[in-house]
Amino acid sequence: MVLGFKQNIEKEELELLPFFHFEGKIITINTPEEAVSAANYLLEKDALGFDTETRPSFRKGTNNHVALLQLSTAEEAFLFQLGSTGMPQQLKEVLASNNILKIGVGIKDDIRSLRALSEFSPGGFMELQTYSTPFGIEGKSLKKLSAIVLGVRISKSQQLTNWENTTLTEAQKRYAATDAYMCLQIYNKLSCYKKVTPA
């Protein structure tokens, strides 16, 4: 252990942890006007949990466009349905700002997918898989990081659902909000021990 964190966690041990999901306000955004308003609000924040969702493809060589962008504060999760909102300039400013820390897991592919929709220069992103390495943590998935750092279990049951649905189910919304929120909370816990400038 380094600073009290396990290197990894086995499935059997993980399943014994208390279940957690985001209980704050979930705001689903599906018009360009709503996206501009939410982005202007988020431009005032210092740190956000970050994630995206894409409808899974079960055919080799077929890739779908990213469908959902999640940005979370400690109290609210914003779910941008990108097929309806597009990528307005204000939202790209959030993603480009070096003054707003965007924290996620496996963010390289997420950023690439977002840039395929509309080009922007990413700034202020923090990769938790890298940030957690000095703590001796080897379990790098969001599920394992949540268990090792925060001692809770999160569900991944909605991961392979259709994120291009016009109306998301409550389970999809809760799953998407939880993923982004947990990234922020893992960072907050680790940053009590370590301070790093974002890439």
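The values are calculated or read from the model by the stated rules, or taken from the named source; none is laboratory data. Nothing here was measured: the structure is a model prediction, and the numbers come from that model. So basically every Cβ, Gly included, is an ideal-geometry build from the backbone, and we count neighbours across all protein chains shown.
Taken over the stretch 1-16, the criterion of being part of a loop (DSSP other than H, G, I, E, B), under 21 Å from LEU190 (Cα atoms) and in contact (Cβ under 8 Å) with a residue 40 or more places away in the chain is satisfied by MET1, LEU3, LYS6, GLN7, ASN8, ILE9. Quick one: in the stretch 144-184, which of the residues that are modelled with pLDDT of 95 or more and among the basic types (Lys, Arg) is farthest from GLY4 (Cα to Cα)? Ranking the candidates gives LYS173 first. Consider the stretch 131-149 and keep the residues that are surrounded by fewer than 15 Cβ atoms within 10 Å (Cβ to Cβ) and without any contact (Cβ under 8 Å) to a residue 60 or more places away in the chain. The one that is farthest from ASP179 (Cα to Cα) is THR133.
Hey, among VAL94, VAL152, which residue is in contact (Cβ under 8 Å) with a residue 24 or more places away in the chain, in contact with a strand residue (DSSP E or B) (Cβ under 8 Å, 6 or more places away or on another chain) and surrounded by 18 or more Cβ atoms within 10 Å (Cβ to Cβ)? Result: VAL94 is the single residue among VAL94, VAL152 that is in contact (Cβ under 8 Å) with a residue 24 or more places away in the chain, in contact with a strand residue (DSSP E or B) (Cβ under 8 Å, 6 or more places away or on another chain) and surrounded by 18 or more Cβ atoms within 10 Å (Cβ to Cβ). In the stretch 17-39, the residue that is farthest from LEU145 (Cα to Cα) out of those that are in contact (Cβ under 8 Å) with a residue 12 or more places away in the chain and part of a loop (DSSP other than H, G, I, E, B) is THR31. Note on the stretch 99-120: residues that are farther than 13 Å from MET87 by Cα and of a type in the set (S, T, N, Q) amount to 1. Suppose we filter the stretch 120-179 for residues that are of a type in the set (D, E, K, R) and farther than 22 Å from HIS65 by Cβ; how many remain? Residues meeting the conditions: 8. Tell me, yes or no, whether the stretch 53-66 has at least one residue that is within 21 Å of ASP110 (Cα to Cα), modelled with pLDDT of 95 or more, part of a strand (DSSP E or B) and not hydroxyl-bearing (Ser, Thr, Tyr). Within the stretch 53-66, one or more residues are within 21 Å of ASP110 (Cα to Cα), modelled with pLDDT of 95 or more, part of a strand (DSSP E or B) and not hydroxyl-bearing (Ser, Thr, Tyr).
THR85: of a type in the set (Ser, Thr, Tyr), surrounded by 14 or more Cβ atoms within 10 Å (Cβ to Cβ), more than 16 Å from the chain's Cα centre (by Cα) and within 22 Å of GLU164 (Cα to Cα), yes or no?
yes
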